[in-house]
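Presented below is the structure to which this report refers.
Each value in this text was obtained by applying a stated rule to the coordinates, not by laboratory testing. As the structure is a prediction and not an experimental result, all values here were calculated from the model. Note that each Cβ is placed from the backbone with ideal geometry, even for glycine, and that neighbours are counted across all protein chains shown.
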């Protein structure tokens, strides 16, 4: 059985109220959900809250899941909404990035790079940061981002282009 058939079965079971099927679905995408929450909020504490809010909201709303969308697209949108809600409620107080160790790279270099990426994202206006995270991490289309942000595709393209330019300028200079 291929993965998409198995995921569809799990999704149908979750919609019917099967908690273990829902847990299996979210386990598969948890790393990406976490990444979306972390990149939008800017610190692990708020990202943890956003992750928990995402899982609770997804479970409560699973019966309203529209089958024409992919589960990943649906839950990443909930994650972005949860992270933005936390940003609106709190001001970030610190930048902390929890990245996993890669044996190919020196841990200190990896941590410094992850910190630089997060600092660069944190300096961007929220609309640019969210558009960039949704495009680069979640593989949203321009139309999906436009629907999410309530703007047209040309505005999305502009936000992503400006976000990439700002990101590149910050990362290239090595400061924020």
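How far apart, in nanometres, would the label points at residue 149 and residue 20 be if each is projected 7 angstrom from Cα along the Cα-to-Cβ direction?
4.3 nm
Using per-residue counts of other Cβ atoms within 10 Å, averaged over each peptide, order 151-163, 125-137, 59-71 from highest down.
125-137, 151-163, 59-71
Hey, got the Cα dimensions of the stretch 1-92 along the principal axes, in Å, largest first?
Taking max minus min along each principal axis of the Cα atoms, the stretch 1-92 gives 44, 23, 22 Å.
Working only with C-alpha atoms, what are the Rg and Dmax values of the stretch 109-159, expressed in angstrom?
12.3, 39
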